[in-house]
1. Looking at the range 282-296 only, could you name the residues that are in contact (Cβ under 8 Å) with a residue 40 or more places away in the chain and closer than 17 Å to residue 228 by Cα?
2. Can you give me the number of residues within the range 147-160 that are in a helix (DSSP H, G or I) and open to solvent by 30 Å² or more (accessible area, probe 1.4 Å)?
3. I'm trying to understand the selection: among the residues of the range 255-306, which are open to solvent by 20 Å² or more (accessible area, probe 1.4 Å) and among the hydroxyl-bearing types (Ser, Thr, Tyr)?
4. Do we have any residue at all in the range 230-248 that's assigned to a helix (DSSP H, G or I), of a type outside the set (Ser, Thr, Tyr), open to solvent by less than 50 Å² (accessible area, probe 1.4 Å) and farther than 22 Å from residue 165 by Cα?
5. Cβ-Cβ distance below 8 Å, separation of 6 or more or different chains: which pairs start in the range 64-76 with a residue that is free of Cβ contacts under 8 Å to residues at least 40 places away in the same chain and end on one that is β-branched (Val, Ile, Thr) and part of a helix (DSSP H, G or I)?
6. Restricting attention to the range 72-91, does a residue exist that is modelled with pLDDT under 95 and in contact with a Cys (Cβ under 8 Å, 6 or more places away or on another chain)?
7. Hey, can you tell me all the residues within the range 153-182 that are over 16 Å from residue 199 (Cβ atoms), touching a residue at least 40 places away in the same chain (Cβ under 8 Å) and within 19 Å of the chain's Cα centre (by Cα)?
8. If the Cβ limit is 7 Å and pairs must be 6+ apart or interchain, which residue in the range 38-58 that is farther than 27 Å from residue 293 by Cβ pairs with which residue that is surrounded by fewer than 18 Cβ atoms within 10 Å (Cβ to Cβ)?
Amino acid sequence: MSAFYSSAFRALLGSSSAPEPGSWQQLARLVRLPNLLIMGLCLVLVRACLLLPAAPWRQVLAPSFGLLVLASLSVGAAGYIINDYYDVKIDAINRPGRLVVGRVVNRRHAMLAHVLLSGLGVVVSGALSPLLGLVNLGSALLLWGYSVRFKRVALVGNISIATLTAALVLLPELQIQTGTSAVWGYALAAFLLTAVREIVKDVEDMRGDAQHDCRTLPIVWGVARTKWVAGFFLGCLGLLLLGASYNAVVTNRFLLAAWLLGLVLAPLVGLGYKLRRADRKRDFTHLSAWCKWIMLAGVLSMTVVAS
């Protein structure tokens with residue numbers, strides 16, 4: 001098996017020689033390994049804490065669920081690869097030090113990896129159920145459309161990625177269909193926060209986007225108006241968190257209420273304050289990272305939902 005993975009790795013890099021030092025790190029960067037790990041963690045916590053809170057781990061980590069995780073992460077990795085494939089010129093301006101496709105990974109092999117991973121995700125999920133297959137097929141097509149066109153259209157790309165994030169949260173529920181309402185609240189929160197982060201990233205990447213005829217929100221409306229749009233999604237998320245915190249207090253789940261107020265809502269208010277004052281690229285880079293930490297805190301709040 002190790003020989004198989006080694007040869008597959010060399011094929012992806014387009015070389016028959018041994019991987020160069022740091023190549024594994026470059027491959028992990030290409031598929032956004034930290035993001036994939038967070039996606040996997042989210043799927044596990046949704047199933048374990050929201051859908052099957054009283055079930056033993058043997059039931060939670062059933063083989064069918066493992067296949068769903070494999071399928072979902074394959075589609076996600078394929079989406080990151082195809083996005084970098086089409087963004088080589090833009091990333092050379094926005095993130096020259098993080099360029100992988102075209103510099104470390106051959107573009108033809110990157111496209112092949114995208115097709116294989118997308119196909120694997122769709123086929124495996126389709127074998128689990130037609131509904132899951134359709135969702136992952138739609139996700140793969142939307143990721144391709146986002147990379148080719150949608151990300152260059154004001155707000156369309158932002159909403160596309162936000163929708164995909166919400167769909168990821170819903171996948172475990174779509175698999176076993178428990179009727180749990182909490183999962184829909186988490187999906188909505190994921191949609192809103194992802195929309196904020198994607199808008200912030202558009203401001204961060206304005207320079208490279210503008211040079212390649214992208215019509216993202218900050219280019220079309222300007223930074224000031226774009227911040228108001230991000231603020232709208234941020235405000236909706238704040239109201240959702242206030243409602244969830246109030247419901248947690250009413251139902252005597254005080255630990256959950258404290259978690260949401262202290263580790264999610266409070267940083268969210270800080271994010272809004274920083275967003276209002278942000279005016280430089282590094283400010284928006286910092287805000288994008290802040291969104292990730294808030295999202296992680298929100299995901300981990302699932303661990304105290306049943307307390």
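The values are calculated or read from the model by the stated rules, or taken from the named source; none is laboratory data. Here the structure is a predicted model, which means the values were calculated and not measured. In this analysis, Cβ positions are derived from the backbone assuming ideal geometry, glycine residues included, and neighbour counts consider all displayed protein chains. Just so you know, the surface numbers come from the protein's heavy atoms only, side chains and all, with ligands and any DNA or RNA stripped out. Shrake-Rupley method; radii C 1.70, N 1.55, O 1.52, S 1.80 Å.
1. Step one: filter the range 282-296 for residues in contact (Cβ under 8 Å) with a residue 40 or more places away in the chain, giving 284-285, 287-288, 291-292, 294-296.
The answer is 284, 287, 288, 291.
2. Filtering the range 147-160 for residues in a helix (DSSP H, G or I) gives 147-148, 150-152, 156-160.
Filter once more, keeping what is open to solvent by 30 Å² or more (accessible area, probe 1.4 Å): 148, 150-152, 156, 159.
Going through the range 147-160 one residue at a time, the tally reaches 6.
3. 273, 285, 303
4. Looking through the range 230-248, at least one residue is assigned to a helix (DSSP H, G or I), of a type outside the set (Ser, Thr, Tyr), open to solvent by less than 50 Å² (accessible area, probe 1.4 Å) and farther than 22 Å from residue 165 by Cα.
5. 69/44
6. The answer is yes; a qualifying residue exists.
7. Once the filter is applied, which keeps residues that are over 16 Å from residue 199 (Cβ atoms), touching a residue at least 40 places away in the same chain (Cβ under 8 Å) and within 19 Å of the chain's Cα centre (by Cα), the range 153-182 yields 168, 169, 171, 172, 173, 174.
8. That search, which allows pairs on different chains as well, returns 52/59; 52/60.
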